[in-house]
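So the structure is just underneath, and the comments pick up after that.
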Amino acid sequence: MQSTVISPSILSANFAKLGEEVDNVLKAGADWVHFDVMDNHYVPNLTIGPMVCEALRKHGVTAPIDVHLMVEPVDRIIPDFASAGASLISFHPEASSHVHRTIQLIKSSGCKAGLVLNPATPLSVLDWVLEDLDMVLLMSVNPGFGGQSFIPSTLAKISAVRSMIDATGLPIRLEIDGGVKIDNIAEIAAAGADTFVAGSAIFNAPPYEDVISRMKEEVARVRG
Ligand code: DX5
Ligand code: ZN
């Protein structure tokens, strides 16, 4: 079983003091930093790019940076994120013309590779590539904005992907992104997730250590 990871989404952080926000959330017990990249094309919002990732590394952030690309096309920007210090890079199959090639590009750039499934994306996109992935990211909201509500049908999808991952016998992570809160993280973990993104639940409810420790307690109740 993969260890539990809490990956706060900096989409809900105060961008005017991003370095301090990231330091604080890591000091509060976060494991990774979830870095949402939006292009006003694949999704109707615009956020941050490789320069900001590099700035966080120069600021002294050593924790894994979990880059979630919501951009189209995907391949052009991957080497830039790898040299900016990204640890994992996840992308949406709908935004890449050649999903297998994009996965290989991420890995050959020295990063771990994740594939992101939107709420309506069928699990068949995992056929033939699952064993090449380091992580499957299931969206539990439609991508583009923080603060949306968790879509309940995601729970059944998590269980289905859990079974697919277990059948490979490989250490592939299962991450959930969107509407994750203290009061639903236990059922998300029980369905089979091991990696949890939370933006508004953490950054809109300081002190961060209280939220993160309560989330970890909830997960530990069901994962042990
Ligand atoms: C949405 C982003 C999420 C978002 C989650 O497109 O991928 O990472 O920040 O925010 P919350 O946790 O507020 O739903
Ligand atoms: Zn995200």
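Some values worked out for this structure:
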quantity: Alpha carbon centroid spacing (whole Å) that separates region 7-49 from region 70-146; calculated: 18 Å
quantity: The chain: calculated mean residue ellipticity at 222 nm from DSSP helix runs of at least 4, using -39500 (n - 2.57); calculated: -10000 deg cm²/dmol
quantity: Options Ile48, Ile6, Gly60, ranked by Cα towards positive dipole end of region 1-112, top entry (Cβ charges); calculated: Gly60
quantity: Net charge contributed by nearby residues that have their C-beta within less than 10 Å of Thr47 (K/R +1, D/E -1); calculated: -2
quantity: Theoretical gain in end-to-end length, Ala190 to Asp80 [0.36 nm per residue, Cα-Cα removed]; calculated: 36.0 nm
quantity: Leading residue at positive end of dipole, the chain (Cβ point charges), from Ala191, Ser140, Pro171; calculated: Pro171
quantity: Cβ-derived FRET efficiency at R0 22 Å, Leu46 paired with Asn142, nearest 0.05; calculated: 0.85
quantity: Accessible area per residue in Å² at 1.4 Å probe, computed on region 5-223; calculated: 41 Å²
quantity: Count, lysine Cα pairs under 25 Å in region 5-223, 8 or more residues apart or across chains; calculated: 14
quantity: Exposure ranking of Ile77, Ile158 by accessible area [1.4 Å probe, largest first]; calculated: Ile77, Ile158
quantity: Accessible-area ranking of Ser159, Ser96, largest first, probe 1.4 Å; calculated: Ser159, Ser96
quantity: Label-point gap, in nm, between Trp128 and His98 - each point 7 angstrom along Cα→Cβ; calculated: 1.4 nm
quantity: Antiparallel bridges, percent of DSSP beta bridges restricted to the chain (to nearest 5); calculated: 5 percent
quantity: Stokes-Einstein D (µm²/s) once Rh is taken as the Kirkwood radius of the chain over alpha-carbon pairs, at 10 °C in 1.306 mPa s; calculated: 92 µm²/s
quantity: Under 11 Å, Cβ to Cβ, from Ile106 - net charge with Lys/Arg +1 and Asp/Glu -1; calculated: 0
quantity: Lys, Arg +1 and Asp, Glu -1 on Cβ, resulting dipole of the chain about Cα centre, debye, nearest 20; calculated: 160 debye
quantity: Global geometry of region 138-224, whether rounded, prolate or oblate, following the gyration tensor of its Cα atoms and the 1.5 cut on a/c; calculated: oblate
quantity: Dipole magnitude of region 23-89, debye to nearest 20 (Cβ charges: Lys/Arg +1, Asp/Glu -1, about Cα centre); calculated: 220 debye
quantity: Relative contact order (%) - criterion: Cα under 8 Å, at least six apart; region: region 72-188; calculated: 22 percent
quantity: Surface share of carbon and sulfur [accessible, 1.4 angstrom probe, percent] for region 5-223; calculated: 53 percent
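The values are calculated or read from the model by the stated rules, or taken from the named source; none is laboratory data. Only a predicted model underlies this, so the values are computations on that prediction, with no experimental measurement involved. All Cβ positions, glycine included, derive from the backbone under ideal geometry; neighbour counts span all protein chains shown. Just so you know, the surface numbers come from the protein's heavy atoms only, side chains and all, with ligands and any DNA or RNA stripped out. Shrake-Rupley method; radii C 1.70, N 1.55, O 1.52, S 1.80 Å.
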